[in-house]
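Just so it is clear, none of the values below were taken in a lab; they were calculated from the coordinates. It should be emphasised that the depicted structure is a prediction, and the values quoted were computed from it without experimental measurement. All Cβ positions, even for glycine, are placed from backbone atoms using ideal geometry, and neighbour counts span all protein chains on display.
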């Protein structure tokens, strides 16, 4: 490989990492294949094992007994398990895991986005919570399943699917009641946001995921992030469905009335002032009317776990500050 | 064809001893790499546990007592296929590199030079991205025909198919001129690389998977992969070794080789296809791992001379050993791409050898 090609690939890879950090779903699985309720769990909460579940990748898995050793291959999965009071059962996480604080101490089985399959096997898990859409590579999922490990793939693409996944993990862990309570609470909070913004104007909202080497990344067409902005009472300016990028001229033509700087969560040099200085951006209504807002909650906005509702509320506050004034 | 032009007859005493020494050293190195490669990994397992598992599972001696299922799985299902996979890939690439450097008489030649890598990359990338664009294909994409993945099959087909196209374009009147072959390979590669870049751009989350494939990785080698790739590489090696005279003759140049009775066009075609088969089989299970196929044959040509009777088997042994060690380094360094390790370890050593030998690295001048 020539140095030139290598450099081009490296650039593309870095861009991809940035895009991946946003957890913006970019491809869709057929919703009808998700969470077929083949669970043999009794609805009352005491799950009956062996238990057969269908995950978000359409794979079936059978759990012989209540899982006691869980490996989580994505921070959102860790948060789901912990929210269901199973944090002490987690024996492997990723180096990105930061919430709740106690998981930082757990052994890392994913470093630099690479799943260390040896470490997963050595953790002797009786449940592996993987992520879909190549966040956990399909090859790794196949490899783990071939080794006889029960792998549950979670890939929620909307608020409803997050709550469905929480219910799915609840069923797997025999924590149906805790899951139902959590889902209930989340749905109440989502409904509150929905009713608060129902009659308000929907500003054309551009959520900046990142700007890298001139390429602008935002919510892709049909993505979770786009639907979240919509639920929060905005009209999302969307990028390409797969690459989640948008050309500057398309962005200028879309003329956002509100710009949310999600990337400011990680980089404090990104400010409304720095945005106003970008060539071409000054023509946008949002810049001209001073509606460029720093968002510091990008982690919960883009992590499809229980705290996604925190993200939704943060978005709603940013889009409609008056409606949520304390 | 039966012209006695072998530059250094090996059949006589001292040369034979030398060959035995070189190959013996290569074999010992490979054996050492094998032992260390299976013994070490990201999870530390006591050497006697490793031996107990291997003895029990492979030779049927001893009892499995005292070793947990997890340890057994790690040794038998993860490390062993991975180490053997590194051997097969390293051997295949070194073997192919030796052949391409001989038939193209070009010091820059590596196994990928006439389009194999670009074709395999495009195939693999399509295999990775397609299920995302057409969700219906996602089901069963992981385990397709004969237990081989769609990605592996498309990579192998892409590599072989691309070389067939390149040859069809480059061939004229039964001749296969090296320069035309190189330039055609370069042009076709560029075209396919554009396709890969386009797919990468549109790949969303799958970008990481594509990138890791392009950098090469032995993490996902399974026993089934090995069962398919190992016989291909072994068969190609045997077939190439049997053609050592042709390879030696081609070092003299197309003209002289033809004068000495070689059907240069056909022989080059055969050798190219054999090397392409080995390369594609290797790449299909590991992705495009760089450097091994370029450096190992060079290094050995400087060390043992250009006679393919010795060069070819020595390259296979060293290529296999080098990649096993490089992959171990990659594993211990937290899963970094193996191609990074081959380059970091191999390049300085290669440069040192180049300077020390004070010889130009062109194969025909060695």
Worksheet item: Counting alpha carbon pairs within less than 8 Å and at least 6 residues apart, what relative contact order, in whole percent, applies to segment A:200-324?
Response: 25
Worksheet entry | Among A:100, A:75, A:125, residue whose mean-square fluctuation peaks in a GNM of chain A (springs only between Cα atoms under 10 Å) | A:100
Item to complete: Could you tell me which of rounded, prolate or oblate describes segment A:138-265, using a ≥ b ≥ c as the square roots of the eigenvalues of the alpha-carbon gyration tensor, with rounded for a/c under 1.5 and, failing that, prolate when a/b is larger than b/c and oblate otherwise?
Response: oblate
Practice prompt. Return a whole-number percent for the relative contact order of chain B, with Cα pairs under 8 Å and 6 or more residues apart as the contact set.
Written response: 30
Fill in: Within 10 Å of each Cβ in B:69-80, the average number of Cβ atoms from other chains
4
Worksheet item: Averaged over peptide B:197-204, how many Cβ atoms belonging to another chain are found within 10 Å of each residue's Cβ?
Response: 6
Worksheet item: Mean separation of Cα pairs under 8 Å and 6+ residues apart, divided by the residue count of chain A: what relative contact order is that in percent?
Response: 17
Response to the item:
segment B:326-358 scanned against label point 7 Å out from residue B:36 along Cα→C-beta; backbone N under 12 Å for B:326-330
Discussion item. At a 10 Å Cβ-Cβ cut-off, how would you order B:198, B:274, fewest neighbours first?
Written reply: B:198, B:274
Worksheet item: What value, in deg cm²/dmol to 500, does the helix sum -39500 (n - 2.57) over DSSP H runs of n ≥ 4 give at 222 nm once divided by the residues of chain A?
Response: -11000 deg cm²/dmol
Fill in: Spin-label model distance (nm) - residue A:253 vs residue B:16, 7 Å beyond Cα toward Cβ
7.9
Worksheet item: What is the extension gain from residue B:234 to residue B:46, computed as 0.36 nm multiplied by their sequence separation minus the C-alpha to C-alpha distance, in nm to one decimal?
Response: 64.4 nm
Worksheet item: How much FRET efficiency would the formula 1/(1 + (r/R0)^6) give for residue B:345 and residue A:87, where r is the Cβ-Cβ distance and R0 is 45 Å, rounded to 0.05?
Response: 0.60
Response to the item:
Assertion target for B:352, B:244, ordered by fewest C-beta neighbours within 10 angstrom first, is B:352, B:244
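Pull up the DSSP beta bridges for the protein assembly as shown and report the antiparallel fraction as a percent, rounded to 5.
Once the DSSP bridges in the protein assembly as shown are tallied, antiparallel ones form about 35 percent.
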Response to the item:
Per-residue ellipticity at 222 nm attributable to helices in chain B (runs of n ≥ 4 DSSP H, -39500 (n - 2.57) apiece, nearest 500 deg cm²/dmol) works out to -23000 deg cm²/dmol
Practice prompt. Quote to one decimal, in nm, the extra length available between residue A:271 and residue A:191 on full extension: 0.36 nm per residue of separation minus the C-alpha distance between them.
Written response: 25.6 nm
Discussion item. Per 0.36 nm of contour for each residue apart, how much would the distance between residue B:197 and residue B:175 grow if the chain were fully extended, relative to their Cα-Cα spacing?
Written reply: 4.6 nm
Worksheet item: If you take the beta carbon distance between residue B:165 and residue A:221 as r and set R0 to 41 Å, what does 1/(1 + (r/R0)^6) give as a FRET efficiency, to the nearest 0.05?
Response: 0.70
Discussion item. I'd like the mean, over residues of A:110-118, of how many other protein chain beta carbons sit within 10 Å of each residue's own Cβ.
Written reply: 6
Discussion item. Please rank B:245, B:205, A:68, fewest neighbouring Cβ atoms within 10 Å first, as an exposure proxy.
Written reply: A:68, B:245, B:205
Worksheet item: In degrees between 0 and 90, to the nearest 10, how far off the longest principal axis of chain A does helix A:159-173 point, with axes built from Cα atoms?
Response: 20
Discussion item. Across the protein assembly as shown, what fraction of all alpha-carbon pairs, as a whole percent, falls in each successive 10 Å bin from zero upward?
Written reply: 3, 14, 22, 22, 17, 12, 7, 3, 1, 0
Discussion item. Connecting C-alpha atoms closer than 10 Å in a GNM of chain A, tell me which of A:109, A:309, A:275 has the biggest fluctuation.
Written reply: A:275
Practice prompt. Using just the alpha carbons, could you tell me how many Å³ per residue the convex hull of chain B encloses?
Written response: 151
